[in-house]
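Right, one structure below, let's go through it.
The values are calculated or read from the model by the stated rules, or taken from the named source; none is laboratory data. Predicted model, so just to flag it, every value in this text is computed and none were measured. Here the Cβ is made from the backbone with ideal geometry for all residues, glycine too, and neighbour counts use every protein chain on show. Only protein heavy atoms, including side chains, enter the accessible area calculation; ligands, DNA and RNA are left aside. Shrake-Rupley method; radii C 1.70, N 1.55, O 1.52, S 1.80 Å.
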Amino acid sequence: MIPKTLEKNLSVINPATEEVIAEIPSWTPEQLERAVANAKMALGGPWAKISARERGKILLKIAQGIQSRHEELAQLETKNTGKPIRDSRDEVNLAADSFEYYAGATNKFFGETIPVTARGLCMTLKEPIGVCALIVPWNYPLVIACWKVAPALACGNTVLLKPASLTPLTAIELGKIALEAGLPEGVLQVALGSGNAIGQQLISHPDVVKISLTGETTTGKKVMRAAAETLKRVSLELGGKSPNIIFDDVDVKACVANSILSVFSNCGQDCCARSRFIVSAKITDQFLTELVAKAKTLKIGDPLNPETEIGPMISNAQRRRVLDYVDIGKQEKAELVWGGTALDKNNGQSKGYFIVPAVFAKTTSNMRIVQEEIFGPVVCVMPFNDEEEAARLANDSIYGLSGSIWTNNAARAIRMAKAVKSGVLSINSSSSVHLEAPFGGYKQSGLGRELGMKALETYSETKTVFFSEV
Ligand code: NDP
């Protein structure tokens, strides 16, 4: 729902064409204030009175509403983010699946009876927390919104969803779909405006009791500080610098084919990107040769073309940031063996924020390109000599979000899975996310877990009730 009084517009750009594709009204502080009041009021309205099962039916209708507009939403996401259309189509499915999953969870998440010492009956109730501010980034705008909104609604909360300024379009459509599905007014409102204005106001607002942010680690720290004032509940999904650990017993060609997109897909703008390839010294040269050969074949270009594998970066500023990191890598004496250049007028690409993915060899753990989250298509390859060194390199990071281990030795895979400090790990796979399983980070990659039934804990309060029998 977009309020009628407008302050200024957010110009939404297609990063593949650099054209303005929408002008979106930014909320004033007064509009946000009214929206929080509406959300607070909606907590006690019809939403509070319907059964868990009825809530589930509304969520299921939202899932169906998303699916019924599948292609339209996929096109919109691609035009707004530049991601390849085939990825957007998958993401719209995942968005709908999130609502379907939590639709089924509403009446399967409940308290317990506890055999306490006192004579009587002790039970717990699961209750909504209240008004939740759900703040999402620009790299997976619709999917991440749905990962937060669906469990928050499943628990009976009301929601202010704040999309990133660069990518508000699919969030606005989600708000409309939810109303069409029968969600009462005020239960889900899409708050439009910048993080520094609307976002900051949300995280400081005394009537917002829960914040869930997916964003940069620095933004997460701001959220924690602001939340401390009124002791809000906080969930944070933040940055990453994830390892891809490759042992010498793998089929190198197959491993490269399976893991190259774990760092380059979404143009590297992925919190789970395996941006540190930690490769057995016995196969590092062979691995690098295969990696570069494969990188050269990646189809970069028009994201609406179904063949495209790599679209543009989200903005010129983000591309500039990546190019600056490529320069830093060269100054640090890492060896740039492929890519790392802008695809622009100088090489036949007249529009869009395209870049050739970069492969760095001869990197060491103390380099900035190895330690800092670049959030672009840059991979650093480092050799290791034994398991202990592989685990040490993998853990030498302030982050701990995701990662992969490639080996055909099951015992080694188990030892490594235990040794690597990370919230999500895949063995012989590049996948990070399963809707039914918890997702989140160790260390400075975040706080709390999204997805699966675990997420419901973070959107509910537990009340203990004791009935005396004496
Ligand atoms: P930002 O932290 O810059 O922004 C994320 C969201 O927070 C946006 O909606 C932004 O609004 C808002 N925001 C910014 N500042 C504030 C503030 N002071 N108060 C409240 N809200 C604020 O991240 P990006 O959008 O640049 O996304 C990239 C980051 O997200 C990367 O670090 C990436 O690793 C991380 N990420 C983490 C994931 C995970 O699951 N762990 C998944 C995906 C991304 P606005 O856009 O208006 O600035």
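Odds and ends about this structure:
- Cα gyration tensor category, rounded, prolate or oblate, for region 46-197 with a/c compared to 1.5: prolate
- Look at the alpha carbon pairs under 8 Å that are at least 6 residues apart: their mean separation over the length of region 197-268 gives a relative contact order of 27 percent.
- Taking all protein chains into account, the per residue accessible area for the chain stands at 42 Å² (1.4 Å probe).
- Filter on Lys162/Lys294; Lys162/Lys241; Lys221/Lys241; Lys176/Lys221 - keep pairs with C-alpha separation over 27 Å: Lys162/Lys294; Lys176/Lys221
- Shape of the chain from the C-alpha gyration tensor: oblate (a/c of 1.5 or more and a/b not above b/c, with a ≥ b ≥ c the square roots of its eigenvalues).
- Given charges at Cβ of Lys, Arg, Asp, Glu: the chain dipole, positive-most of Val250, Gly111, Gly56: Gly111
- Accessible area of region 1-152 belonging to carbon and sulfur atoms, whole % at 1.4 Å probe: 56
- Two tests apply to each whole DSSP H helix in the chain, Cα reach of 18 Å or more along its axis and mean Kyte-Doolittle hydropathy of at least -1.0, and the ones passing both are 29-43, 52-68, 85-105, 141-154, 217-230, 284-297.
- Accessible-area composition of region 244-341, carbon plus sulfur, in percent [1.4 Å probe]: 49
- The mean sequence separation of alpha-carbon pairs under 8 Å and at least six residues apart, normalised by the residue count of the chain, gives a relative contact order of 18 percent.
- When both region 80-103 and region 3-72 are represented by their alpha-carbon centers, they are found 17 Å apart.
- For region 332-429, averaging the sequence separation of C-alpha pairs within contact (under 8 Å, six or more residues apart) and dividing by the residue count gives a relative contact order of 20 percent.
- Highest mean packing comes first when the peptides 453-459, 122-128 are listed by Cβ atoms within 10 Å, giving 453-459, 122-128.
- Sequence-distant residues sharing a close amide H with Ile427 (under 5 Å, placed H): Ile405
- Rounded, prolate or oblate (a/c below 1.5 giving rounded, otherwise prolate when a/b exceeds b/c) for region 2-75 by Cα gyration tensor: oblate
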